[in-house]
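Rule-based calculations on the coordinates, nothing more; no lab input. Because the structure is a prediction, the values reported are computed rather than measured. As a convention, Cβ positions derive from the backbone with ideal geometry for all residues, glycine included, and neighbour counts pool all protein chains shown.
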Amino acid sequence: MLLSKQSVKVKMSYIAEYQYTDEFEANHKMVQDFKDYGYILVRNLYDKEEVAMLIKAVSETDAFLKNSYQVEKGAKKAPRIIWSHPGTDVTGMAARCEKVVNTCEKLLGGEVYHYHSKYMLKDPNMAAPHYWHQDYGYWYKCGNLFPDMMTVWVALDKAVKQNGCMEILSGSHKCGRIEHHPFDGQYVGLKSRVDLIRERCPHHYMEMNPGDALFFHCNTIHHSSANKSDLRRWAYIMTYNRASNNPTMVHHHPQYTPLEKVANSAVKECTNYTNLSGKDFIHPLKNTTLTELYQR
């Protein structure tokens, strides 16, 4: 029996939302929601102390900021910092802790490795939008043959409509990879296709509190609007690839590198904010090979 557009939207308007506890473990319901909707939202994955540590890492020393790059928007700049390997600092502990890695392995169905992480620092009345796209729109170009990849987007500030919270099209990962093209310094989904998908897949504003985490599939279509408010909107973002999906080409993100998990307690126990050795920072705007890669 065929479902109407309206019935499909009603069926998919559900928010796949969960609350983190010390006993948290990805269960069958979470895995099924991820398969059905392309994401799960976990409230309070990182507590106030852990969030404060992730903010301190980028705000109280220049260790990260000296590796940043700027996305130009007229006179406005949105600082971004991206790196390949987790390392042993606070951000590395956050990316290697079991509550993140084990969840990704359950959702993707096998061993994962760290693909890259980044800070996205949208300051008040400064930051530009990130247009509708799939992460696999980028990563497909890097020799990843299968969409066995995902992102964990962690709010460091309150993220609401006014300051450009994440927006997703629920269930859009089932559409497969759509065409992407360079636009305004980004690699964006073909608008005509995205518009059709928006007619079928519910558009959710993923408003989040500090420490909430959105786990989403690499084919889930998403974007964030410009921050035109007086509210800061910083985020810490970690991405993972299945070990079995080792890229077929060497590129700016790492090949399969075994990920050494740490206990959840390792985040708060970490005192390293400045030794970022081994993280291998990336500067996309300076990388001509990278630009050519996404324009193929």
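Odds and ends about this structure:
- Listed residues 271, 27, 156: farthest to the positive end of the dipole of the chain (Cβ charges): 156
- For residue 122, the residues 5 or more places off, or on other chains, whose built amide H falls under 5 Å of its own are 233, 234, 235.
- Positive contributions from Lys and Arg (+1) and negative ones from Asp and Glu (-1), summed over other residues with Cβ under 11 Å from the Cβ of residue 197, come out at +3.
- Given the chain, longest segment not containing exposed loop GluC sites (Glu not before Pro) (DSSP; at most 12 other Cβ within 10 Å): 61-178
- When Rg and the Kirkwood Rh are both derived from Cα coordinates, the Rg/Rh ratio for the chain amounts to 0.93.
- Dipole magnitude of the chain about its Cα centre (Cβ charges: Lys, Arg +1; Asp, Glu -1), debye to nearest 20: 960 debye
- Using just its DSSP H runs of length 4 or more, each adding -39500 (n - 2.57), the chain gives a mean residue ellipticity at 222 nm of -7000 deg cm²/dmol after division by all residues.
- Using only alpha-carbon positions in region 11-113, the gyration tensor eigenvalues give semi-axes of 30, 18, 14 Å once each is multiplied by 5 and square-rooted (largest first).
- Neighbour net charge for residue 110 - beta-carbon separation under 14 angstrom, K R +1, D E -1: -1
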